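Take a look at the structure set out below.
The values are calculated or read from the model by the stated rules, or taken from the named source; none is laboratory data. Remember, predicted model here, so these are calculated numbers, not experimental data. Heads up, the Cβs are rebuilt from the backbone with ideal geometry, glycines too, and the neighbour counts pull from every protein chain shown. Remember, those area values only see protein heavy atoms, side chains included, never the ligands or the DNA or RNA. Shrake-Rupley method; radii C 1.70, N 1.55, O 1.52, S 1.80 Å.
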Amino acid sequence: THLILFSIATMMYSVHFEMRIILLLLSITFVFSNYDAKALEKFWLEASDIVENIDEYRAFWIKPHGCVWSECAVDDTDDAYEGDNRDGDEQWYQYRTQDFCANAAYSLYGLKQNKLGVFGCTRGHFINSFFTYGGADILLNAVGRVPKVYYTDSNDDAGGYYATNSQCTQIYYNYDDDYNSNYASSLGCNARGKYIVAKFNSSSCDGNYFMNSIDSFKEYNKQHSTIGCHKISKDWNVGYLLNNSWSCDLNIYPNGCPDPYGKKARYDWALQTVARGGNARLAYNTMILKRPAQIISFILSVITLTFLSLGYYIVNRERIRSKGGNRKGYFRCLWEDFSILMSNLWNTISTACMNLINDNGSGKRKISRKNKKSRKHPWNGENNPPEVEGDEAVYDQYDTRYSNQEMT
């Protein structure tokens with residue numbers, strides 16, 4: 001804080017523009033260097049963290065993003081292995097795998113008590129992205145809508161009643177009176193993230209045995225698509241939804257996990273840097289400054305191109321007028337100069353290549369001729385050494401140089 005105040009005061013009274021820029025950069029660096037890696041924890045929130053601190057928020061909004069085939073009951077505990085909260089991850093045996101079903105992917109937004117805001121689903125209010133547990137009906141129940149259930153008494157090939165679409169239902173085969181235990185149906189997802197009624201060649205609705213879509217289930221898709229950015233009640237609905245949700249992972253679900261503003265990708269990269277032993281503070285600062293730096297670079301590039309274009313117009317104003325003026329003359333002159341530049345560049349490259357080829361081809365002969373020419377007296381080809389006044393020892397130096405060269 002003291003450094004920032006000092007920098008601002010100095011910038012106000014300093015007469016040197018360069019000094020102002022340097023102090024401004026120092027101030028920005030000081031501000032961002034005080035962010036610690038703990039700031040990552042403020043974003044990387046699990047559903048349980050939000051429920052525990054729900055009083056810190058004034059309002060919540062959710063926005064559905066489509067269907068995702070994900071874990072249906074991650075927190076189910078196997079009675080035989082207490083503490084193994086993710087069924088099958090720690091101690092595994094055949095057929096002991098996690099159940100998957102069609103869940104709803106959504107992004108959560110929140111406005112804290114000490115913040116001001118009008119619009120709900122914005123970048124500043126974004127908290128995290130989540131998948132529901134136990135099927136997509138959870139999301140509809142949380143916003144106060146009654147889910148349209150496909151397999152009911154009025155529309156049921158199996159002849160039974162099921163309260164949720166995630167229920168795996170045995171279906172008729174070729175409309176016979178008997179069940180075929182190898183075929184079942186449940187709510188599923190297509191490649192575009194829409195909900196469908198899926199058919200499986202398995203009695204447990206295993207996604208590995210998906211066969212085809214029975215129904216596009218338009219009514220159910222409309223129930224989800226018309227939610228939009230929905231303000232959700234803080235009393236019961238938020239707790240119900242988050243207690244049946246988990247924060248999705250971009251590494252596991254790169255196409256299904258919503259990341260509307262790219263925040264999850266940037267924070268995930270910073271966490272990976274820290275996990276590899278990198279500098280937590282540097283990773284966080286890089287993550288924060290990356291987007292502003294890109295914006296500033298783009299603005300400076302546009303300004304540079306604008307000044308270059310303006311300077312080119314001022315220098316070549318008469319030529320531009322002679323070639324039609326306005327944009328037409330401007331681009332004609334620009335193309336003419338570009339053609340000349342490319343032509344000169346090509347000539348320069350061609351000449352350099354030819355010289356290189358000639359040097360390689362006649363190099364030995366040139367070196368031989370040069371040696372012949374150099375077999376002259378060391379005093380620039382003169383027949384006799386120059387006359388030197390003074391002691392004869394100076395004269396003998398020329399004889400010594402000449403004799404050494406002849407020996408060589």
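The table that follows gives values for the structure above.
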item	result
Which numbered condition Ile227 misses (of (1) open to solvent by 40 Å² or more (accessible area, probe 1.4 Å); (2) within 29 Å of the chain's Cα centre (by Cα))	(1)
Selection within region 241-273 - more than 16 Å from the chain's Cα centre (by Cα) and surrounded by 15 or more Cβ atoms within 10 Å (Cβ to Cβ)	Leu241, Leu242, Asn244, Ser245, Trp246, Ser247, Cys248
Filtered residues of region 274-311 (kept if of a type in the set (Phe, Trp, Tyr) and open to solvent by 70 Å² or more (accessible area, probe 1.4 Å))	Phe298, Phe307
Neighbours by Cβ (under 8 Å, 6+ apart or cross-chain): first from region 49-75, outside any strand (DSSP E or B); second of a type in the set (Ser, Thr, Tyr)	Ile50/Tyr57; Cys72/Tyr133; Cys72/Ser166; Ala73/Tyr133; Val74/Tyr133; Asp75/Tyr133
Some residue of region 325-334 being in contact (Cβ under 8 Å) with a residue 12 or more places away in the chain, open to solvent by 70 Å² or more (accessible area, probe 1.4 Å), hydroxyl-bearing (Ser, Thr, Tyr) and part of a helix (DSSP H, G or I)	no
Only listed residue being surrounded by 15 or more Cβ atoms within 10 Å (Cβ to Cβ) and either of a type outside the set (Val, Ile, Thr) or touching a residue at least 60 places away in the same chain (Cβ under 8 Å) (or both), chosen from Asn221, Asn208	Asn221
Condition check for Arg281: in contact (Cβ under 8 Å) with a residue 12 or more places away in the chain and of a type outside the set (A, V, I, L, M, F, W, C)	yes
Long-range neighbours under 6 Å by Cβ, at least six apart or interchain, first residue touching a residue at least 24 places away in the same chain (Cβ under 8 Å) within region 240-266, second charged (D, E, K, R) and open to solvent by 10 Å² or more (accessible area, probe 1.4 Å)	Ser247/Glu46; Tyr261/Arg123
Qualifying residue in region 123-146 (condition: aliphatic (A, V, I, L, M), surrounded by fewer than 19 Cβ atoms within 10 Å (Cβ to Cβ) and at pLDDT below 90)	no
Only listed residue being farther than 24 Å from Thr122 by Cα, aliphatic (A, V, I, L, M), open to solvent by 30 Å² or more (accessible area, probe 1.4 Å) and without any contact (Cβ under 8 Å) to a residue 24 or more places away in the chain, chosen from Ile320, Ile314	Ile314
